[in-house]
Amino acid sequence: QALPVLFKHWLKNEEVEEGDTAVLRCELTKPDAPVEWRKGDTVLQASDKYEIHQEGTRVELFIYDAEAQDA
């Protein structure tokens, strides 16, 4: 039976100035595990606003042109 995927390092709150790029990072216990980034009930998709990187156990979300509503 496979072990569940867990966070090795949890997300930390990040503060950025409006218009800057916010970067959220986490690390998982298994490489290349599927990850969904969400804001409330909305699943975030790669776009001009959001960029998602995943390499091995490290996952990053870039939020470009950050605004107050991105909190």
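The values are calculated or read from the model by the stated rules, or taken from the named source; none is laboratory data. Bear in mind that the values here come from a model prediction, so they are computed numbers and not experimental data. So basically every Cβ, Gly included, is an ideal-geometry build from the backbone, and we count neighbours across all protein chains shown. In case anyone asks, the SASA skips ligands and DNA or RNA and just uses the protein heavy atoms, side chains included. Shrake-Rupley method; radii C 1.70, N 1.55, O 1.52, S 1.80 Å.
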Top positive-direction residue, dipole computed over the range 7-70 with Cβ charges, set Leu44, Cys26, Leu61
Cys26
Accessible surface of the range 7-70, 1.4 Å probe, proportion on carbon and sulfur as whole %
45 percent
In the chain, which GluC sites (Glu not before Pro) are in a loop and have at most 16 other Cβ atoms within 10 Å, using DSSP for the loop call?
Glu14, Glu15, Glu17, Glu18, Glu36, Glu67
Would you mind working out the magnitude of the charge dipole of the range 7-70 relative to its Cα centre, with +1 at each Lys and Arg C-beta and -1 at each Asp and Glu C-beta, to the nearest 20 Debye?
500 debye
Under a plain spin-label model, where a point goes 7 Å from the Cα along Cα-to-Cβ, how far apart in nm are Thr42 and Val23?
2.4 nm
Only sites in a loop by DSSP and with at most 12 other Cβ atoms within 10 Å count here; which trypsin sites (Lys or Arg not before Pro) in the chain make the cut?
Lys12
Given a 1.4 Å probe, how much area per residue of the range 7-70 is accessible, in Å²?
76 Å²
